[in-house]
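Here is the structure we will look at.
The values are calculated or read from the model by the stated rules, or taken from the named source; none is laboratory data. These numbers come from a predicted model, not from an experiment. Reconstructed Cβ throughout: ideal geometry from the backbone, glycine too, with neighbour counts over all protein chains shown. Note: areas computed on protein heavy atoms with side chains; ligands, DNA, RNA excluded. Shrake-Rupley method; radii C 1.70, N 1.55, O 1.52, S 1.80 Å.
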Amino acid sequence: MLLPAVFAASFALAQASADKTAADKRRSGYQDMGAALQKMQDDDTANPGMLFVQLGQQLWAKPAGAANKACADCHSLADMKGVAARYPAMAKDGDKPIDLEGRVRLCRTVNQQAEPLAPESRELLSLAAFVANQSRGLPIAPPDDPRLAPFRAQGAAIYQRRQGQLNLSCAICHDDNAGKKLAGVTIPEAHPTGYPLYRLEWQALGSLKRRLRNCLIGIRAEAYPSDAVEYVALEIYLMDRARGMVFESPGVRP
Amino acid sequence: MRAGLLVAALIASIAGTAWAQGASPYTVVGDAISQPLADKPGDPARGRAIVANRSVGLCLLCHSGPIPEERFQGNLAPSLAGAGGRWSVAQLRLRIVDGARLNPDTIMPPYYRTTGLQRVAKPFEGKTILTAEQIEDVVAYLATLKE
């Protein structure tokens with residue numbers, strides 16, 4: 001009686017450590033950066049993304065729209081902890097998943113009854129960065145919502161599919177050749193640990209969607225329209241793939 | 001005369017279905033294309049410039065090569081150094097034109113194919129990555145890389 005119990009316990013332990021080893025092999029883009037950029041991300045007074053977080057904090061408290069309500073009138077900041085680490089999620093009463101920016105936009109038009117925030121606009125990214133920053137340091141934890149499963153599968157399929165004039169898939173670079181150099185740049189494993197994040201190349205804060213568009217354009221594929229479900233499907237897949245990794249927003253990347 | 005026109009029309013219609021997309025027909029024998037794709041012989045100097053150009057040849061994104069002035073070179077694929085010693089001109093040609101004919105899993109983009117591709121961006125739709133002349137230039141350059 002004792003023996004199976006001991007076995008079960010040691011097996012569970014081995015499983016846990018195997019999972020940990022497997023998890024430890026994944027690398028955030030942060031780990032591929034030089035020390036100077038890592039320091040820039042880690043230091044809130046040097047991280048350019050924090051300027052957007054601060055702007056987002058102001059917008060969070062500012063009433064808007066016909067409802068004349070601020071985000072803060074409905075949401076406690078404590079409730080925002082962990083939200084970004086689990087998005088995308090199904091929209092309430094909706095049949096489609098939305099990402100964090102989509103959630104903010106929906107709140108803006110439906111609840112605040114305000115003008116929609118344009119995709120990739122400074123206001124939208126700032127609000128998203130402020131909410132995302134509340135999850136900094138938490139493990140990425142996508143919800144176990146069965147309604148997300150078909151979208152996750154769609155995202156996985158897109159990830160594996162060759163596209164564009166260069167006939168490449170996400171997986172060719174970010175699974176099969178991650179860590180190698182594309183020109184001078186280390187190919188990251190494409191874990192969305194830091195979004196919205198500040199890219200020096202953009203000289204701006206940007207969303208994961210913007211990053212996905214960049215890659216599509218790079219392989220000379222037709223970028224999806226900005227409201228396409230394909231992006232959210234990819235985001236769901238990538239967040240699931242990064243499950244358990246530490247959420248870093250606002251990240252800094254080259 | 002009439003027969004000639006007919007042949008021309010036939011070729012045009014074939015071209016219209018299969019090769020109107022920016023690639024002319026070519027013949028693969030074994031693992032090679034022995035006939036040049038263009039009338040003019042390739043120019044190694046132009047080929048070198050194409051290989052070095054990150055938005056034209058794109059070669060150095062994945063390959064390294066003996067082009068020291070280009071500092072940031074890739075390592076996803078074998079070095080181009082010695083390519084002309086490893087492969088004949090005809091073999092090089094097919095590997096650039098459509099490497100997937102030799103290895104369906106290759107990550108090498110098909111430089112002279114417009115079919116079987118998905119979701120190609122509008123500006124590139126129906127266009128090959130390099131023209132026939134450019135491929136001949138690149139082949140001529142690679143052939144000089146004997147070691």
Original post:
Just counting partner chain Cβ atoms within 10 Å, what average do the residues of peptide A:165-173 show around their Cβ?
Top reply: 6
Subject >> Separation of the B:Asn103 and A:Ala61 label points, Cα + 7 Å toward Cβ, nm >> reply: 5.9
Subject >> Overall Cα dimensions of the stretch A:30-254 - principal axes, largest extent first, Å >> reply: 50, 41, 29
**OP:** Determine the relative contact order of the stretch A:103-254: mean sequence separation of Cα pairs under 8 Å and six or more apart, normalised by residue count, in whole percent.
**Re:** 35
Original post:
Across peptide B:115-125, how many C-beta atoms of other chains are within 10 Å of each residue C-beta, on average?
Top reply: 6
Original post:
So how do A:129-136, A:186-193, A:73-80 stack up, highest first, on mean other-Cβ count within 10 Å?
Top reply: A:129-136, A:186-193, A:73-80
Original post:
How many square angstrom of accessible surface are buried between A and B, both sides summed, with a 1.4 Å probe and rounding to 100?
Top reply: 2100
Original post:
Cα centroid distance between the stretch A:101-142 and the stretch A:219-236, in Å?
Top reply: 19
Original post:
Just the C-alpha atoms of the stretch B:33-147: what Rg/Rh do they give, with Rh taken as the Kirkwood radius?
Top reply: 0.94
Original post:
Charges only on Cβ, +1 for Lys and Arg, -1 for Asp and Glu: so what's the dipole of the stretch B:43-147 about the Cα centre, in debye to the nearest 20?
Top reply: 200
**OP:** May I ask you to rank B:Trp87, A:Trp202 by accessible area, largest first, using a 1.4 Å probe over the protein chains only?
**Re:** B:Trp87, A:Trp202
Original post:
Assigning unit charges at the beta carbon (Lys, Arg +1; Asp, Glu -1) and nothing else, what dipole magnitude in debye, to the nearest 20, does the protein assembly as shown show about its Cα centre?
Top reply: 280
**OP:** Using only Cα atoms, locate the centre of the stretch A:55-80 and the centre of the stretch B:95-147, then give the distance between them in Å, rounded to an integer.
**Re:** 53
**OP:** Please calculate how many Å² of accessible area the stretch A:154-209 carries per residue, with a 1.4 Å probe and no DNA, RNA or ligand atoms counted.
**Re:** 34
Original post:
When only alpha-carbon atoms count, how far does the stretch A:184-254 stretch along each of its three principal axes, as whole angstroms with the largest first?
Top reply: 31, 28, 21
Original post:
Sorting A:Arg161, A:Arg220, A:Arg211 by accessible area (1.4 Å probe), largest first, what list results?
Top reply: A:Arg161, A:Arg211, A:Arg220
Original post:
To the nearest 20 debye, what is the magnitude of the charge dipole of the stretch B:81-128 about its Cα centre, counting +1 on the Cβ of each Lys and Arg and -1 on the Cβ of each Asp and Glu?
Top reply: 80
**OP:** Would you please report the Å³ per residue occupied by the convex hull of the alpha carbon atoms in the protein assembly as shown?
**Re:** 223
Original post:
At a 1.4 Å probe radius, carbon and sulfur cover how many percent of the accessible area of the protein assembly as shown?
Top reply: 59
